[in-house]
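Student: Shown below is the structure under consideration.
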Amino acid sequence: SMSRMKVFALLRRVTQPAARRVFSAEVPKEAPKGWWHSAQFWGGLGAVAGWGMTGSAIYDASLKGPEIISLNMTGVMIVYSSLFAKWAWVVNPRNMALCACHVSNVFAQGNQLRRAVEHKLSLGQAKEMQDMGYKAAAGAAGLGAFIVG
C-alpha cells in the first residue's frame, strides 16, 4: 500500500502540469457581439423609454388637473428615477442619456407632487397630508437604517 506522502507526491506530479496549462493560458478575447447584445443599444433604448415617463408627467402638469395625480405613484416614481439616475451615472461607460431622463423625471414628478399636495390642502385635507408625510418620513428612516446597517 502506498503511504500518504507518496499519494500526495503522485497527485502533485499529475495535477501541476494541468494547472500550469490552465492558469498560464491566455484568455481568448470574445468575438465582437452585434448591436442586439450591446450595452449602448439597451442603454439608449432605456433612455428613450425613460423620456416617456418624463413626457407624461410634463404633459399631465400642463394639460390636466391635479385631482388625477396619485401621491403614492408619484413618490414611487421619484424614488425609482433617483435610483436609476444614480445607476446611470456610476455605470461604466456612463450613460448620460439615461441619467438625464431620470433626473428630468425627478423634477417633473416633484412638480406633480407639489401640485397634488397644494390641491389636497386646498380641499382641507391637511390631516391626511400630515399623516402621509409621517409615513414617508418613517419609510425613509427605515430605508436609511437598512442601507446603513
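Student: Pairing the Cα long axis of helix 39-63 with the longest principal axis of the chain, what angle in degrees results, from 0 to 90 and rounded to the nearest 10?
Tutor: 10
Student: Using 7 Å Cα-to-Cβ label points, what is the residue 119/residue 91 separation (nm, one decimal)?
Tutor: 3.3
Student: Can you tell me the 0 to 90 degree angle between the C-alpha axis of helix 126-148 and the longest principal axis of the chain, rounded to 10?
Tutor: 10
Student: Given the C-alpha centroids of segment 48-62 and segment 67-143, what is the distance between them in whole angstrom?
Tutor: 14
Student: Starting from one equal scatterer on each C-alpha and no solvent at all, send me the Debye-based log10 I(q)/I(0) for segment 83-135 at q = 0.12, 0.26 Å⁻¹, two decimals.
Tutor: Listed by q, the Debye log ratios stand at -0.43, -0.89.
Student: Still on this model: Using a 1.4 angstrom probe on heavy atoms only, work out the carbon and sulfur share of the accessible area of the chain in %.
Tutor: That fraction is 67 percent.
Student: Right, something else. Would you indicate which of [x] 34, 17, 13; [y] 56, 24, 9; [z] 32, 23, 12 is the value of semi-axes √(5λ) of the Cα gyration tensor in Å derived from the coordinates of this structure?
Tutor: Answer label, from the structure shown: [y].
The values are calculated or read from the model by the stated rules, or taken from the named source; none is laboratory data. Model, not experiment: these values are computed from the prediction. No Cβ is skipped: glycine too gets one built from the backbone with ideal geometry, and neighbour counts run over all protein chains shown. Note: accessible area is taken over every heavy atom of the protein model, side chains too, but ligands, DNA and RNA are not part of it. Shrake-Rupley method; radii C 1.70, N 1.55, O 1.52, S 1.80 Å.
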